[in-house]
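The values are calculated or read from the model by the stated rules, or taken from the named source; none is laboratory data. The structure presented is a predicted model; accordingly, all values stated were derived computationally and were not measured. Methodologically, a virtual Cβ is constructed for each residue, glycine included, from the backbone with ideal geometry; neighbour enumeration extends over all protein chains shown.
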């Protein structure tokens, strides 16, 4: 009987392997493996932490847990925009560490089978695309499937861990905490 339960659990996990939470940054659509997503929350007060890279918005207190928050637009070199009512934070699990990712808008959960995923095109040696798992085809759309664990470098992850540890000593970031 134990093996039947294990088989059902394995089948459930296999069924979710091709599921991606999709979101937008500007006009582009991205996807994250659904198993890495812990929750989606509305934009809330973010405490600024000094000496962090520009793409680090700061930290939030989520039910008593301090979680670092990055702005994926800035991390990807896109121009900053004002937050809207659709701007939200996707809380992801990076090997046991939670991190918030600010996105313009969450779209939907898509089933994208391995046959519908193509390799990331080569853009030359100067462009690091290791964080892109592949290009998913969803109807006539292309969804960039991200390996969220590779979006940040090891050095950046260390800096974020410091932000998480020092989260209570930052100051409120008034310019980014308002949500019209």
Of the conditions (1) outside any strand (DSSP E or B); (2) at pLDDT 95 or above, the single one that residue 21 does not satisfy is (1)
Index of the failed condition, residue 104 passing every other in (1) crowded, with 19+ Cβ neighbours inside 10 Å; (2) more than 27 Å from residue 140 (Cα to Cα): (2)
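Quick grid of which residues meet (1) buried (at least 18 other Cβ atoms within 10 Å of the Cβ); (2) within 27 Å of residue 155 (Cβ to Cβ):
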site	(1), (2)
49	yes, yes
56	yes, yes
91	yes, yes
97	no, yes
110	yes, no
113	no, no
Being exposed (fewer than 14 other Cβ atoms within 10 Å of the Cβ) and at pLDDT 85 or above narrows it down to one of 153, 84, so name that one. 84
Looking at region 124-139, is at least one residue loosely packed, with under 13 Cβ neighbours inside 10 Å, more than 22 Å from residue 35 (Cβ to Cβ) and at pLDDT 85 or above? yes
Here is a list: 102, 91. Which entry is farther than 13 Å from residue 25 by Cβ and at pLDDT 95 or above? 91
Which ones in region 26-46 are in a strand (DSSP E or B) and surrounded by fewer than 21 Cβ atoms within 10 Å (Cβ to Cβ)? 28, 29, 33, 37, 38, 39, 40, 41, 42
Give just the number: which of (1) modelled with pLDDT under 75; (2) at negative phi; (3) surrounded by fewer than 12 Cβ atoms within 10 Å (Cβ to Cβ) does residue 159 not satisfy? (3)
